[in-house]
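Below: one structure, written as structure tokens.
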Amino acid sequence: PAVHDGAAVGVMRTSQRVAIRVRVDPVACDAYGYCAELLPERVTLDEWGYPIVDGTPVGADLVDLATRAAAACPRRALLLERV
């Protein structure tokens, strides 16, 4: 999976590697916590269960997990964007 213009898309061509970053839409988020379960390397939860993302680019080893976490969000509040 890859990221194109902020949305998850099909397989990325190897010559077009892009760095992605995880962010949260705080208005859309309802604190389900799936993102922290699926991507604990980049997402933690505050005391109310809302996600906190560290903002660092996601490494190639975590792109699949980040894509899965964004897709699993019931409110589509976890977003992937190009860096």
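The values are calculated or read from the model by the stated rules, or taken from the named source; none is laboratory data. Computed from a predicted model, the values in this text were never measured in an experiment. Note that we place each Cβ from the backbone using ideal geometry, even for glycine, and neighbour counts take in every protein chain shown.
Condition first: touching a residue at least 40 places away in the same chain (Cβ under 8 Å) and among the acidic types (Asp, Glu). Now tell me which residues in region 40-64 satisfy that.
ASP64
Look through region 1-34, keep the residues that are among the polar types (S, T, N, Q) and closer than 19 Å to ASP64 by Cβ, and return whichever of them is modelled with the highest pLDDT.
GLN16
With the requirement that a residue be crowded, with 19+ Cβ neighbours inside 10 Å and not hydroxyl-bearing (Ser, Thr, Tyr), what does region 61-83 give you?
Scanning region 61-83 gives VAL63, ALA66, ALA69, ALA70, CYS73, ALA77, LEU78, LEU79, LEU80.
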